[in-house]
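Encoded as structure tokens, the structure appears first; notes follow it.
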Amino acid sequence: MKKSLLAVAFILPIALSGCVISVDGDGDSSYHSDWEKKEQNNRSYIANLTTNSTIKSIRNRMGTPDFSELHQQQDDEIQVLFYRTQRVKGDSVTTKDECTPLVFKNGLLIGWGEAAYNTL
């Protein structure tokens, strides 16, 4: 009996040593780096935008936006795509204040950022 207890006492810590969870300082796991990379990629791409880019080309490059809106202004269609570019609160929920808006008029980019969005 002593031998089997000794064997379990020796083997159990070795068997459990592979059960490690890596957590950073604010409680996020490896998912943390995924959203950081996404935000960095979005910021980099947005920093190089030029007006009159098509909504299709930007969606092809940046993927599905986190939020989108559609507005009608007289005969013009205004579409706004929101892409996450900064973290405000570490709650695993993306909100519009964590995104940069891209504003399109009739399918062409006319501006981005809060100033462009606030002119609607």
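Among the residues of segment 62-107 satisfying the criterion of being open to solvent by 70 Å² or more (accessible area, probe 1.4 Å) and of a type in the set (A, V, I, L, M), which is nearest to the chain's Cα centre (by Cα)?
Among those that are open to solvent by 70 Å² or more (accessible area, probe 1.4 Å) and of a type in the set (A, V, I, L, M), it is V93.
Does V88 meet the test of being outside any strand (DSSP E or B) and of a type outside the set (S, T, Y)?
yes
The values are calculated or read from the model by the stated rules, or taken from the named source; none is laboratory data. Note that the structure is predicted; figures quoted are calculated from it, not measured. Please note that ligands, DNA and RNA were not included when accessible areas were found on the heavy atoms of the full protein model with its side chains. Shrake-Rupley method; radii C 1.70, N 1.55, O 1.52, S 1.80 Å.
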